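See below for the structure under consideration.
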């Protein structure tokens, strides 16, 4: 029983740390993409981002002396869908939308991902979220909508094509998460590297044909932004995300999208000395409460799994002693 409690606390701390890191990485993603799109086309942003991420992950594997093996034939379809719906499609839609959509509004609209993830979790994985997880997702969604109403950003009630594209990217992330849930948790770095390499194979030829890069390089500031997008916000963030999906489930892992607008508001108020309204503080509280309930549901399921595992181990030991 002590072992079960210790394992659960360690797993809870690791899961929460991953969730917070992914949330901060995605907060930076929206801002970085908004800055980069001023000098680089959306197609080239996605190509550069994925290429940098692939190089970073391959070097990571080389340092750890892990070989990047050929994708098994049985996994090709899974990797293709994750590369397409988890990287290419949403990255293109986000980069294109941010040409005219405020970054803060983009992060808020992407917060609809957990709603789609709950649906995908049931349709794709045949796992109905628990009552606590459903309440948490609903509460986070209500908080996000309240944030939209209370925020100073333009209202999203009059949806433009760019805003619809952001919602479509949220649905695309959820679809890819359904496939990512089947990735092995013990090979997350290798799996992420293989998926991003697949994405590069798809997007680079398209980019070279449709929108070939010009001889004029972007400014050094934009190059640093692309480097951060490829390493922190793509390579490291997705290794963490796929790990979280495989261990804690798609619904819980996708709640980082609820934290992104909340973190963005707090960070902006600190850096730019902006005053938070009472309504914004209420919305942040609702979002955090929704994430807390989702965490509670995921951790309760993990406690049950660990208890079953410990009970099975104890039963095997008892049978061995009896013999």
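Couple of notes before you dig in:
- Exposure proxy order (Cβ contacts within 10 Å, fewest to most) of 257, 221: 221, 257
- Residue order, fewest to most beta carbons within 10 Å, for 161, 98, 19: 161, 19, 98
- Least to most buried among 224, 203, 94 (fewest other Cβ within 10 Å first): 224, 203, 94
- Highest to lowest packing among 231-237, 60-66, 105-111, scored as the average C-beta count within 10 Å: 105-111, 231-237, 60-66
- Taking 7 Å steps out from each Cα toward its Cβ at residue 219 and residue 278 produces label points 4.2 nm apart.
- Spin-label pair residue 58-residue 74: with each label point 7 Å from Cα along the Cα-Cβ axis, the two points sit 2.8 nm from one another.
Each value in this text was obtained by applying a stated rule to the coordinates, not by laboratory testing. Note that the structure is a prediction, hence the values are computed from the model and not measured. Cβ: placed from backbone, ideal geometry, glycine included. Neighbour counts: every protein chain shown.
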